[in-house]
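Engineer: Quick one: the structure is below, questions incoming.
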Amino acid sequence: MLTFRLHMRFSEQSSDEAAAALRSLAGPVRAETGCSTTRVLRDAANRCKLTWVEEWSSVEHFEQHLRGSTFRQIVAVIEMAVEQPEVEIDDVTSRRGFDLIEEILDISVERAGFEAG
């Protein structure tokens, strides 16, 4: 899984336009193969700060997205920002559950007092 975040700051005059543009792109991006989530977040303390979030099932799907037309539209919104955005890309290669705790502590779910299931 890969999470992509853009933290952007806009002028007071352009922040609503940027938010609307990003909201209009959320559905098309989410419809792309491998995208599970898109979100537009607005900072409660400063309405001029927006965060765009995408979650992808693989690096390959994200790379394909970067080459596509919807990402070019996101870049157009980025160009409206009053400063360079902060970019965060987190690549999670695996996700584990209680099995990891069992493995580390050398216990079973039943011995820990939980029902298997």
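The values are calculated or read from the model by the stated rules, or taken from the named source; none is laboratory data. All values reported here derive from a predicted model rather than from experimental measurement. Please note: Cβ atoms are built from the backbone with ideal geometry, for glycine as well, and neighbour counts cover all protein chains shown. Heads up: the accessible areas ignore ligands, DNA and RNA and are worked out on the full protein's heavy atoms, side chains in. Shrake-Rupley method; radii C 1.70, N 1.55, O 1.52, S 1.80 Å.
Engineer: How much of the accessible area of the chain, in percent, comes from carbon and sulfur atoms when a 1.4 Å probe is used?
Structural biologist: 50 percent
Engineer: What percent does the relative contact order of the chain come to when contacts are Cα pairs within less than 8 Å and at least six residues apart?
Structural biologist: Relative contact order here is 36 percent.
Engineer: Also, I was wondering about something else. Which order do E55, E88 take when ranked by solvent-accessible area (1.4 Å probe, heavy atoms of all protein chains), largest first?
Structural biologist: Values: E55 35, E88 55 Å².
Reading off the accessible areas and sorting them downward yields E88, E55.
Engineer: Another question about this same structure. Full-extension gain between V82 and S14, please, as 0.36 nm times their residue separation minus the C-alpha to C-alpha distance.
Structural biologist: Working: separation 68, 0.36 × 68 = 24.48 nm, distance 0.95 nm.
Full extension from V82 to S14 adds 23.5 nm.
Engineer: Once both axes come from the Cα atoms, what is the angle between helix 15-30 and the longest principal axis of the chain, in degrees from 0 to 90, rounded to 10?
Structural biologist: 50 degrees
Engineer: At a probe radius of 1.4 Å, what is the per-residue accessible area of T33, in Å² to the nearest 10?
Structural biologist: Probe radius 1.4 Å; accessible area of T33 about 100 Å².
Engineer: Students sometimes get this wrong: rank R23, R67 by accessible area, probe 1.4 Å, all chains present, largest first.
Structural biologist: From most accessible down to least: R67, R23.
Engineer: Using the C-alpha atoms of the chain, what convex hull volume per residue, in cubic angstrom, is computed?
Structural biologist: Spread over its residues, the Cα hull of the chain gives 149 Å³ apiece.
Engineer: Something else about it: Mind giving me the nanometre distance, one decimal, between the label points for D106 and I89, set 7 Å out from Cα along Cα→Cβ?
Structural biologist: So the two model labels end up 4.1 nm from each other.
Engineer: Using a 1.4 Å probe, what is the accessible area per residue for region 1-85, in Å²?
Structural biologist: Each residue of region 1-85 exposes 54 Å² on average to a 1.4 Å probe.
Engineer: Any idea of V75's accessible area? Nearest 10 Å², probe 1.4 Å.
Structural biologist: Accessible surface of V75 is approximately 50 Å².
Engineer: Percent of Cα-Cα pairs per 10 Å bin, from 0 to the last occupied bin, for region 1-48, please list those.
Structural biologist: 24, 50, 23, 4
Engineer: Here is a further query. Roll a 1.4 Å probe over the protein heavy atoms and report the accessible area of V92 in Å², nearest 10.
Structural biologist: Here the accessible area works out near 60 Å².
Engineer: Continuing with the same structure: At L41 and V59, where each label point lies 7 Å from the Cα along Cα→Cβ, what is the point-to-point distance in nanometres?
Structural biologist: Computed distance between label sites L41 and V59 equals 2.4 nm.
Engineer: Rank L6, L100 by accessible area, highest first, at a 1.4 Å probe radius?
Structural biologist: Largest accessible area first, the list is L100, L6.
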